[in-house]
Each structure stands twice: as C-alpha cells, then as structure tokens.
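The values are calculated or read from the model by the stated rules, or taken from the named source; none is laboratory data. Computed from a prediction, not measured in an experiment: that's the story for all the values here. Using ideal geometry, Cβ is built from the backbone for each residue, glycine included, and neighbour counts are taken over all protein chains shown. For the accessible areas, the whole protein counts, side chains as well, though only heavy atoms, and no ligand, DNA or RNA atoms are used. Shrake-Rupley method; radii C 1.70, N 1.55, O 1.52, S 1.80 Å.
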Amino acid sequence: MSDGTLWIGTRTFSSWSLRGWLAVRLAGLAVEEVVIPLDQPDTKARIAAVSPSGMVPCLAYRGALVWDSLAIAEFCAELAPGLWPPELRARAHARSIAAEMHAGFRGLRSAMWMNLDPRFAEQAAGRQRTTEALADIARIEAIWRTTRARFADGGPYLFGDRFTLADAFYAPVATRFATWRPELAEESWAYVRAVLDHPLMREWYAAAAAEPAAWKTHQVHDGSAMTARTLDHVGLACRDLDRAAALYERLGFTLTPRAKHYAPGPSGAPEPTGTGNRCAMFREGYLELIAPIDPARPSSTLERMLARHEGLHIVAFGIDDEEAELARLRDAGVAIDGVAWLERPIAVEGRTERARFARLPLPDAPEGRLQLIRHLTPDLLWRA
C-alpha cells in the first residue's frame with residue numbers, strides 16, 4: 001500500500017530526481033513513483049500542478065509535501081536516521097559535502113550534463129573539458145579523496161560500507177564521469193564504479209533504458225533546434241540610465257527601481273558586472289533599459305552595442321531547461337561557452353531579495369544579441 005507519491009523527471013537526464021529518488025528508496029518509503037517527462041509541451045504545467053517550486057523531485061508522504069532534493073533527503077533521514085553516518089563528526093562532514101554538491105559545481109553541470117543514453121556516451125567521451133568543469137572536477141576529487149581517507153575505513157563508499165545520503169548526492173556526478181570520461185585518478189574511478197554498481201543505481205539505469213525514445217531526443221546528438229517557449233523580453237542599451245528612464249516614464253511606462261547586475265566572479269561569489277537596469281514589467285514579458293553604471297567595471301559587450309547606437313540590441317527568448325538547450329545548441333554546432341548566471345537585487349515588501357536568472361547568450365549577431373533565459377525566481381520578479 002502506498003503512503004504517498006514521488007514525482008520525478010525523466011530518468012535519463014534528471015540528476016536532481018535521482019538524488020531525491022535514492023533518498024526515498026534508501027529510507028524504504030512506500031510511495032508511488034510518477035515520472036513527468038521533461039521537455040514536453042505539458043511538462044511545465046504538470047510539474048506546477050504538484051510542486052510549489054515548479055521543479056522535481058517533489059514528495060508527498062503521509063500528509064507532508066516536500067520539494068527540493070536536499071529537503072527530501074533530510075525528511076527521509078528523520079524517518080530513517082541511518083541514512084547519514086552515525087558518528088557526529090562524520091555526519092557533519094557528510095552534510096557539508098552534500099550541501100556543497102547541492103549548491104555548487106555549476107561549471108560541471110553546464111559542461112557535462114547527465115545523460116544515461118549509451119549512444120550519447122559514445123559521442124560525449126573526452127569532450128567538454130572546459131576550464132570551469134575541470135576546476136569543479138578537481139574539487140570533487142579532493143572531496144572524495146579526503147573524505148574516504150578520513151571516514152571510509154577501507155569501504156567502497158565515502159563513509160565506508162554503507163551507501164549514505166552523501167553518496168546519493170554524488171551519484172549523478174558518477175554518472176557524468178561515466179558518460180564524459182574526464183581524466184580522473186584511479187581511486188576516483190574506483191569510487192565511480194562502486195556507486196554505479198549499487199543495486200539502486202542499477203535499477204535506475206534499467207528504468208532509464210526502458211524510457212520511450214521520444215523522452216530522450218532533446219539531449220541526443222540529433223542536431224535538433226532550440227525550443228524557446230516565449231519572447232521573454234527585449235533590451236534597449238542606453239548610455240545614461242536615468243535619462244532613458246525619464247524619457248520612458250514621460251511616455252507613460254511604469255519602471256522598476258534602478259537595479260545593479262551581479263554575476264559569479266572568479267571565486268564563485270556574486271560580483272557587480274558594472275551594468276544596471278530599469279524595467280517596464282508587462283503581464284507577460286518586459287522591456288529592459290540597460291546601461292553601464294560603474295566606470296570601474298566596463299562591460300565590453302554593452303560597450304560594443306553602444307558603439308553602434310543606443311536602442312534595441314537584445315532579444316531574449318524564454319526556455320524551460322538551460323542545460324538541455326545548451327546540449328541542443330552545441331549538438332547543432334553553435335559555439336557557446338555555457339550557462340551564464342545573473343542576479344540583481346529587488347525590493348519586496350521592505351526587504352531586499354535577489355532575482356536570479358540562467359542565460360544562454362548566443363554568439364553576437366550583426367544586428368544585436370540573441371539569448372535564451374530561464375527565470376529562477378519568476379514570482380519574485382513579477383511581484384516586485
């Protein structure tokens with residue numbers, strides 16, 4: 001008898017779903033598993049109907065609704081305490097490295113996405129070794145090496161003979177390494193093999209292999225085109241943000257307050273980009289006025305636009321899955337560096353929140369910039 005439902009995405013490439021599913025299965029929860037295939041016309045609506053965040057995995061269990069893989073893992077650990085290592089220091093270490101995995105490694109995620117299709121792996125091996133991905137891989141290997149040296153006591157997993165939630169959080173990384181075949185130390189490959197040989201991982205792979213071919217086409221190297229869903233916004237490059245804003249306000253537009261853009265710096269922490277904007281928000285989409293606001297941080301991209309003329313330069317199309325679109329564009333031969341992360345502060349009800357975006361800037365076209373964008377905080381942006 002089922003005590004709830006676990007909603008997950010396509011097993012072939014939903015890494016977050018794998019983490020949540022492993023936690024639920026390790027805890028022995030009796031739930032119905034419902035797969036919502038990703039990148040389908042009804043995907044967004046189906047996920048939104050069950051998950052408050054609009055993302056999977058999402059777990060409903062005995063009246064509790066839990067979304068986000070880390071929250072699901074902690075919920076499962078309350079029901080089955082043995083999922084984390086029993087010793088205090090080991091448990092603290094396990095939670096720390098799982099949280100680091102949950103919050104970071106964007107370079108690896110963007111360059112070496114999860115895809116369990118063996119046909120894809122044949123073409124992917126040895127590719128996508130970007131500087132950012134290699135830096136993330138070095139950090140992951142260091143985590144595995146130091147954790148196992150301190151806590152594994154000769155066992156095959158991070159904390160010994162038992163497959164813990166820490167292993168569950170690094171399991172999708174093991175699949176990425178198996179697909180993309182970066183250069184790893186032999187001890188790292190031994191850990192990858194141990195994870196992939198776990199009975200639950202063999203079960204997940206078998207279920208992924210049985211998924212309909214139509215669910216997998218958006219990440220197989222078939223040269224398919226991008227699947228932008230909407231015209232998200234247009235951007236007008238301006239020399240003087242205040243002057244441009246005053247003009248548009250005289251035309252009758254209501255604009256958002258002046259905001260400063262931030263993007264990950266060399267350390268990964270958000271740093272000002274030197275640009276700022278004000279926006280006219282519509283029911284669907286918006287018009288952006290963007291300008292340089294810090295002479296000490298010039299934006300070469302914006303300066304190239306302004307060297308030609310002030311006005312419309314940016315057209316952004318909305319997407320649902322930046323990693324899938326990145327794969328599709330690269331498969332089609334488009335030279336694109338990877339996902340560009342952006343955020344800006346927004347005042348909401350007397351407090352400052354951060355609107356966050358995942359962008360795929362396409363190579364510069366003669367008449368402007370095309371980019372694909374996914375809003376990570378859409379409710380925040382349109383609510384402000």
TODO: Please give the contour-minus-distance gain from residue 382 to residue 269: 0.36 nm per residue of separation, less the Cα-Cα distance, rounded to one decimal in nm.
DONE: 38.2 nm
Open item on the list: If you count only protein heavy atoms with a 1.4 Å probe, what accessible area per residue comes out for the stretch 1-81, rounded to a whole Å²?
Closed with: 42
Task: Hull volume in cubic angstrom per residue (convex hull over the Cα atoms of the chain) - done: 160
Task: Inter-centroid distance (Cα atoms) of the stretch 299-366 relative to the stretch 117-139, Å - done: 23
Task: Nonlocal amide H pairs with residue 293, under 5 Å, H built at 1.01 Å - done: 275, 276
- [ ] Among 19, 91, 250, determine the one that fluctuates most according to a GNM of the chain built with springs between C-alpha atoms less than 10 Å apart.
- [x] 250
- [ ] Please report, in whole Å, how far the alpha carbons of the stretch 78-165 spread along each principal axis, starting with the longest.
- [x] 42, 27, 25
Open item on the list: Spelling out what I want: for every residue of the stretch 102-109, take phi, set θ = phi - 60°, compute 6.51 cos²θ - 1.76 cosθ + 1.60 (Karplus), and round to whole Hz; glycine and proline get x.
Closed with: 5, 9, x, 6, 5, x, 5, 4
Task: Rule-of-thumb Rg ratio for the stretch 1-153 [Cα; 2.2 N^0.38 Å; N residues] - done: 1.15
- [ ] Determine the gain in length on full extension of the stretch residue 186-residue 231; use 0.36 nm per residue of separation and subtract their C-alpha separation, reporting nm with one decimal.
- [x] 11.5 nm
- [ ] Using a Förster distance of 35 angstrom, determine the FRET efficiency expected from the C-beta separation of residue 99 and residue 283, and round it to 0.05.
- [x] 0.40
Task: Mean separation of Cα contacts under 8 Å (6+ apart) over length of the stretch 79-194, as relative contact order % - done: 33
- [ ] Would you mind giving the three semi-axes, in whole Å and largest first, of the ellipsoid equivalent to the stretch 3-43 according to its Cα gyration tensor?
- [x] 20, 12, 5
Task: Gain on full stretching of the segment that runs from residue 48 to residue 353 - 0.36 nm per residue minus C-alpha separation - done: 107.5 nm
TODO: Would you kindly derive the ³J(HN,Hα) couplings of the stretch 32-46 from the backbone phi angles with the Karplus curve 6.51 cos²θ - 1.76 cosθ + 1.60 (θ = phi - 60°), listing them in order in whole Hz, with x for Gly and Pro?
DONE: 7, 9, 10, 8, 9, x, 7, 6, 10, x, 9, 4, 4, 5, 5
- [ ] Highest first, please rank the peptides 5-13, 136-144 by the mean number of other Cβ atoms sitting within 10 Å of their residues.
- [x] 5-13, 136-144
TODO: For the chain, give the share of DSSP beta bridges that are antiparallel, in percent and rounded to the nearest 5; count only bridges with both residues there.
DONE: 75
Open item on the list: Which three extents, in angstrom, do the Cα atoms of the stretch 294-384 have along their principal axes, listed largest first?
Closed with: 45, 34, 22
Open item on the list: For a protection proxy built on the mean count of beta-carbon atoms within 10 angstrom, sort 296-308, 54-66 highest first, please.
Closed with: 54-66, 296-308
- [ ] Send over the per residue convex hull volume for the stretch 233-384, Cα only, as a whole number of Å³.
- [x] 126
Open item on the list: Ignoring ligands, DNA and RNA, please state the percent of accessible area on the chain from carbon and sulfur, probe 1.4 Å.
Closed with: 54
- [ ] Quick one: which residues, 5+ away or cross-chain, put their amide H under 5 Å from the amide H of residue 348? H built at 1.01 Å from N.
- [x] 353
